[in-house]
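Here's the structure we're looking at; comments come further down.
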Amino acid sequence: MIGMLGNAYPWVKAAHLIFVIFWMAGLFMLPRYLVYHQEALASGGVESPEAKQWIEREHKIRTIILNPAMVVVWLLGLTLAANAGLFSGQSGLGWLHAKLLLVILLSGYHGWAAGYSKKLAIGKTSFTGRQLRLINEVPGVLAAIIVILAIVQPF
């Protein structure tokens, strides 16, 4: 599947995978931070030193890891999709359509988590700790399905 990328294809694919790992690491960490942040709010309020530390940590993970990694993943992923013929009507790419749908959902999850961290920063909570812990499983499940689609290419 060399396509338009020529000899750069394996390098682009490797970079894509590296940034997927960075993005997923952030998507596993930020929701856990949200649980701890919410617990800090319950025990000490929005002005507690612990809550303020969580605000700072969440901001750093969003700006240093999550947002940049997601942008690079999308740019490289769309480049790889174009290389595979997604935009030129290549047949046999049903797996890629499904993968893209799940990546869109994962991006939405990213947006939700970033937004919820900003809500917590002003002391607003919408979920229980148990609910947040369950929501933490979303990126792992989506990542597993995405990997299966990319490797097995079942349809």
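Would you mind telling me which numbered condition in (1) in contact (Cβ under 8 Å) with a residue 60 or more places away in the chain; (2) outside any helix (DSSP H, G or I); (3) among the acidic types (Asp, Glu) GLU58 fails?
Against the list (1) in contact (Cβ under 8 Å) with a residue 60 or more places away in the chain; (2) outside any helix (DSSP H, G or I); (3) among the acidic types (Asp, Glu), GLU58 comes up short only on (2).
Being assigned to a loop (DSSP other than H, G, I, E, B), farther than 15 Å from ARG32 by Cα and either open to solvent by less than 80 Å² (accessible area, probe 1.4 Å) or among the polar types (S, T, N, Q) (or both), is that true of even one residue in the stretch 126-136? Talk me through it step by step, then tell me what you get.
Start the filter on the stretch 126-136 by keeping residues that are assigned to a loop (DSSP other than H, G, I, E, B), which leaves 126-128, 136.
With the extra rule that they be farther than 15 Å from ARG32 by Cα, the set shrinks to 126.
Subset that is either open to solvent by less than 80 Å² (accessible area, probe 1.4 Å) or among the polar types (S, T, N, Q) (or both): 126.
There is at least one residue in the stretch 126-136 that is assigned to a loop (DSSP other than H, G, I, E, B), farther than 15 Å from ARG32 by Cα and either open to solvent by less than 80 Å² (accessible area, probe 1.4 Å) or among the polar types (S, T, N, Q) (or both).
Scan MET29, MET4 and give me the residue that is farther than 30 Å from THR125 by Cβ and not hydroxyl-bearing (Ser, Thr, Tyr).
Details: MET29 fails: farther than 30 Å from THR125 by Cβ.
Unique residue meeting the criteria: MET4.
The values are calculated or read from the model by the stated rules, or taken from the named source; none is laboratory data. What you see is a predicted model; the values in this text were computed from it and never measured. Cβ atoms come from the backbone with ideal geometry, glycine included; neighbour counts cover every protein chain shown. For accessibility, only protein heavy atoms count, side chains too; no ligands or nucleic acids. Shrake-Rupley method; radii C 1.70, N 1.55, O 1.52, S 1.80 Å.
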